[in-house]
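Chemist: Structure below; questions to follow.
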């Protein structure tokens, strides 16, 4: 009877739809505690103190950004579209290198109304990169405000081409790229101000906006060394001359690939000219010319290379 009575009481508790905690359950006793749906501790005015100074806004934005980054569940960076393909070379943008977050932060135009209200937030964007290094299929994975989405989509569409993904064989492959983009109003104002100052300073100075393409960084003789190491010729064909000189042009596209080679001035022996052109055509990719103005772009370039054929037996 006691057990039956306990079962009946226990059933009544849960049928009532109220939350409870069982504190004690024995053969003769069932003790439980009801949990109220709401609890009022007291009613009184609450005073909040906020720091609206510029430094206070900066610190608060940093704190929010740190929280958002920790809570973000998406894997940032690059991933192959085809899971059977492994990425050997990751996408690389002129100026921004491998860090595309810097591009979005430096080029964004903060939505005006949100800037006035000091609305901060963030977005996470994922897009595919085709074999030409251009963005496709833009998707917003996380956002706080639709106006942020519009700006992210605009900037993604305006991205100059990157050096695309390549597999272990050097073949171009498509990939996904995911970027976290913070929208921090006071940081944005700081950036606009510093950009304005820098722009005025640049007007008073001469600035090189480009870095020329190169085959091997910090080695101006890398191209001629590469050619000379592979040249084979019979010095006797110089007919007693000390040396012969040929000049050749190399056209490099904005992906660092050699697209055309020509003989600008023959060394006098067509077979030797032909050999030089074949060696150049077989060169690995170069690092293309980078233009640093605005969003940053890779450009085509032309090199002129002299090659000496020496008569070491003379």
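The values are calculated or read from the model by the stated rules, or taken from the named source; none is laboratory data. As the structure is a prediction and not an experimental result, all values here were calculated from the model. Note that each Cβ is placed from the backbone with ideal geometry, even for glycine, and that neighbours are counted across all protein chains shown.
Chemist: Looking at segment 140-153 only, could you name the residues that are in a strand (DSSP E or B), surrounded by 16 or more Cβ atoms within 10 Å (Cβ to Cβ) and at pLDDT 95 or above?
Modeler: 140
Chemist: Still on this structure, please answer the following. Pairs please, first residue from segment 192-212 and closer than 30 Å to residue 302 by Cα, second anywhere and in a loop (DSSP other than H, G, I, E, B), Cβ atoms under 8 Å, 6+ apart in sequence or on different chains.
Modeler: 209/292; 209/293; 210/292; 211/292
Chemist: Inside segment 84-139, can you point out the residues that are within 19 Å of residue 290 (Cβ to Cβ) and part of a loop (DSSP other than H, G, I, E, B)?
Modeler: Answer for segment 84-139, where residues must be within 19 Å of residue 290 (Cβ to Cβ) and part of a loop (DSSP other than H, G, I, E, B): 90, 91, 94, 95, 96, 98, 99, 132, 133, 134.
Chemist: State the number of residues belonging to segment 297-314 that are over 15 Å from residue 224 (Cα atoms) and in contact with a helix residue (DSSP H, G or I) (Cβ under 8 Å, 6 or more places away or on another chain).
Modeler: Number of matching residues: 4.
Chemist: Now a separate question. Considering only helices (runs of 4 or more DSSP H) fully contained in segment 181-297, which possess at least 1 residues that are modelled with pLDDT of 95 or more and within 30 Å of residue 148 (Cβ to Cβ)?
Modeler: Helices (runs of 4 or more DSSP H) meeting the threshold: 185-203.
Chemist: Sticking with this structure for a sec: Is there a residue being more than 38 Å from the chain's Cα centre (by Cα), without any contact (Cβ under 8 Å) to a residue 12 or more places away in the chain and farther than 30 Å from residue 133 by Cα anywhere in segment 249-263?
Modeler: Within segment 249-263 (the criterion being more than 38 Å from the chain's Cα centre (by Cα), without any contact (Cβ under 8 Å) to a residue 12 or more places away in the chain and farther than 30 Å from residue 133 by Cα), the answer is no, since none of the residues qualifies.
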